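Notes follow the structure.
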């Protein structure tokens, strides 16, 4: 390809075009816009451009338009100015990139917090059953007897649901527990004991005296049952 006359000719034409743009058209445009031509006076005279200017004309114009010695100083220090400009540009570019990354991180964090605030605790891998059991524990540690009763009643409802999950059939809980094979339900005795206390609370109401120690003992029986089948953590 390098020996191809058409390629060499095209390359030379491109170089000439770039040279004309840089050293003729751009300076000429500047001079047309300013209308400045040096006449030897202290200030340039405004007159139209009649022919393309050369690089020397541009240099001469810049020297004339600038303060005394400013162009020469700029020419000598051009390399330093370019280096400083590159360093400043790199620093600004790095700052822009850093700010952009930080903005993305902050927005991501805000979206995560907003999404977390929009969901209940149940959405954080905590089952509904576990939430109910946590509520039972909150009631049993209360100082009021009515809360202990509610805790036992709720735990017994959870036991009934567990029996359903395990596939035991019957019209009542007692019927379901009667079908249990003890080898498959190691804590069945605890279930009978806890359910007996629940029945006393449900049927006798306030007539059944319930101490804090007894209430917590019964809840411990339910807990043993639920943990056997991993119904709660």
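No lab work stands behind these numbers, since they all come straight from the coordinates. Since the model is a prediction, treat every value here as computed from it, not as a measurement. Note that each Cβ is placed from the backbone with ideal geometry, even for glycine, and that neighbours are counted across all protein chains shown.
Side notes on the structure shown:
- Relative protection proxy for 193-202, 85-94, from highest mean packing down: 193-202, 85-94 (other beta-carbon atoms within 10 angstrom).
- Note on residue 220 and residue 204: the extension gain reaches 3.6 nm, defined as 0.36 nm multiplied by sequence separation minus the Cα-Cα distance.
- Global size of segment 79-233: 29.0, 100 Å for Rg and Dmax (C-alpha atoms, Rg to one decimal, Dmax whole).
- Gain on full stretching of the segment that runs from residue 227 to residue 137 - 0.36 nm per residue minus C-alpha separation: 31.0 nm
- Computed across segment 77-118, the Kirkwood radius stands at 12.6 Å (inverse of mean 1/r, all Cα pairs).
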